[in-house]
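First the structure, in the form of structure tokens, and then the observations on it.
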Amino acid sequence: QKKKLLEELGENKLPYVTPADADFHQLWKTKYSKLVFRKSDTVPEELHQLVQEGFLTLREHDCFFQDLVRIKGRDFVTPVSRILIGNPGCTYKYLNTRLFTVPWPTEGYDIKYCSPQIRDACKALIRLNDYLHIEALKALQEKKLLETKEIKDTTVTDREQNFATSLMEKGSVSKDQSTCVPEDNYISLQNRTSYNLTLLNYMDPLQMLYLKQEPYFGMGNMAVSWHHDENLVERSTVAVYSYSCEGSTVEESSEQNQKGRDPAFWHVGLKVAWDIETPGLAIPLHQGDFYLMLDDLNWTHQHCVLAGFSPRFSSTHRVAECSRGTLEYILGQCELALQNLQTDSDSMVWSLKSLETAVIKQVEEIHNEVEFEWLRQFWFQGKRYLKCTDWWLKPMAKLEEFWRKMEIMTSLVLSEVGKEEQIEEQQKETISCLLLVLTERQKLREEWTAR
């Protein structure tokens, strides 16, 4: 799609607007209405201070890391350095690389941090997470209210007012806000704004030898290319808090001399996905500003990050789709697989309970999942997490123990298949099933060794 779009454009560039342009707000309202932007003065000063100190602490302790990601079979190092902080046992996968959360302080979990300062930084980020959750919930409720008003333009009924009051009593929305969101919708909005992790980014553009140029609009240097955020719950909101370390050296250019975006300042760029009719947006990001991508905006549109001159941190809060990405999930899968392994109480010899093809296939697929989605992903880049906490070491040791037992199970299947008394038809079926999974395992082992 990108190649086709660039061929269609040739030497031309698409138009884009910034807040300095007269038609900016009209375009935002009609084509980008699900983007909500908040200036830093709307955020409590105390929260700014905690979060910004947290960013600097993590940088001082060398907790930001460039990721080695895989795109179309090739490995690339990201220009931006990152760290994932969130619910204990949560992971986030992007571009074939699984990141493991440094857990933020959570009731019921014993989390040992490498220093009290790192603990405070993680605590500040969970505070920010809670704040952005409430802001996103309010923004979605306001949007729904506006849509309802446009459709039937009637006053809020007593029943709806009562429901709004009950919402406020739950403490989910500010007291000065009347809402009329039905209960099932409210639960859906809660789920779509309950961030389970934040991916923190850091980059100093002056340390970068080369940054890609934005290809469609001529917006200048990109820190992050055009993309949709992946691995998220459908129609969930993404919240981004930005902190650029602006010094006295960076001064805003005057509007008269400046056409397009000011290259000294960081911007978020937005465009309608694979569309060459609608102009793009470039919105400047200053210290402590934040924005929300509501509902399906992340899917219908693409965004990029345009580099300024000063170093910048961002905290990008997400509702990660974790059905197959939590520690609880993978431990459950291991337990399921190991149900087929038994030990003779006298001889202590291992054996398999069932040789049914479906059972063997399930066990061997879980074996692959544990090895390639968890163990290799963790040890590939995982030692770096020890700069913050050793929380993942015990779970990884447990997964390795389960993996060793699954290796024994594979040997036992091969041994059973080779026995002469096996029924030929069943033998063929088992071999066919095993061959597929073992071929995949061998291919992935070679791939990971090369990486």
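The values are calculated or read from the model by the stated rules, or taken from the named source; none is laboratory data. Note that the structure is predicted; figures quoted are calculated from it, not measured. Positions of Cβ are backbone-derived with ideal geometry, glycine not excepted, and every protein chain shown enters the neighbour counts. When the accessible area is computed, the model is the full protein with side chains, heavy atoms only, and any ligands, DNA or RNA have been set aside. Shrake-Rupley method; radii C 1.70, N 1.55, O 1.52, S 1.80 Å.
Hey, any idea what % of the chain's accessible area is carbon plus sulfur with a 1.4 Å probe?
Numbers: 11780 of 23200 Å².
Accessible surface attributable to carbon and sulfur in the chain totals 51 percent.
How high is the FRET efficiency between Val359 and Lys72 when r is their beta carbon distance and R₀ equals 45 Å, given to the nearest 0.05?
Details: r = 36 Å, r/R0 = 0.79.
The calculated FRET efficiency here is 0.80.
Provide the gained length on full extension for the span Lys29 to Ser415, in nm with one decimal, where the gain is 0.36 nm per separating residue minus the Cα-Cα distance.
132.3 nm
Could you tell me which of rounded, prolate or oblate describes segment 1-70, using a ≥ b ≥ c as the square roots of the eigenvalues of the alpha-carbon gyration tensor, with rounded for a/c under 1.5 and, failing that, prolate when a/b is larger than b/c and oblate otherwise? Walk me through the intermediate numbers first.
Details: a/c = 3.43, a/b = 1.39, b/c = 2.46.
Oblate shape, in that a/c is at least 1.5 and b/c is the bigger or equal ratio.
Which label belongs to the value computed from this structure, given these candidates for log10 I(q)/I(0) by the Debye sum over Cα atoms at q = 0.07, 0.09, 0.13 Å⁻¹: (i) -0.45, -0.72, -1.23; (ii) -0.31, -0.53, -1.25; (iii) -0.37, -0.62, -1.27?
Checked against the structure: label (i).
For a distance above 19 Å, tell me the whole-number percent of Cα pairs in segment 327-450 that qualify.
Details: 4068 of 7626 pairs.
Percent of Cα pairs beyond 19 Å in segment 327-450: 53.
With a 1.4 Å probe and every protein chain left in place, tell me how much accessible area Asp346 has, in Å² to the nearest 10.
Taking all protein chains as shown, Asp346 has close to 140 Å².
Given R₀ = 22 Å, what would the calculated FRET efficiency be for Leu331 paired with Phe380, taking r from the Cβ atoms and rounding to 0.05?
On the way: r = 20 Å, r/R0 = 0.92.
Between Leu331 and Phe380 the formula returns 0.60.
Around Tyr16, under 10 Å between beta carbons, what's the net of Lys plus Arg minus Asp minus Glu among the other residues? Intermediate values should be presented prior to the final figure.
Working: positive: Lys13, Arg261, Lys271; negative: Asp21, Glu214.
Counting the neighbours of Tyr16, the net charge comes to +1.
Skip the ligands, DNA and RNA, and give the accessible area per residue of the chain with a 1.4 Å probe, whole Å². Numbers along the way, then the final one.
Working: 23200 Å² over 451 residues.
That works out to 51 Å² for each residue.
Give the range of the longest stretch in the chain that excludes all chymotrypsin sites (Phe, Trp or Tyr not before Pro) found in loop regions by DSSP and having at most 14 other beta-carbon atoms within 10 Å. Numbers along the way, then the final one.
Details: sites that count: Tyr109, Tyr210, Trp274.
Maximal segment without exposed cleavage sites: 275-451.
For segment 362-421 and segment 123-137, what is the separation of their Cα centres, given in Å?
Their Cα centres are 35 Å away from one another.
Taking the Cβ of Pro88 as the center, what net charge do the other residues with Cβ under 11 Å away carry, scoring Lys and Arg +1 and Asp and Glu -1?
Numbers: positive: none; negative: Glu107, Asp110, Glu328.
Neighbourhood net charge equals -3.
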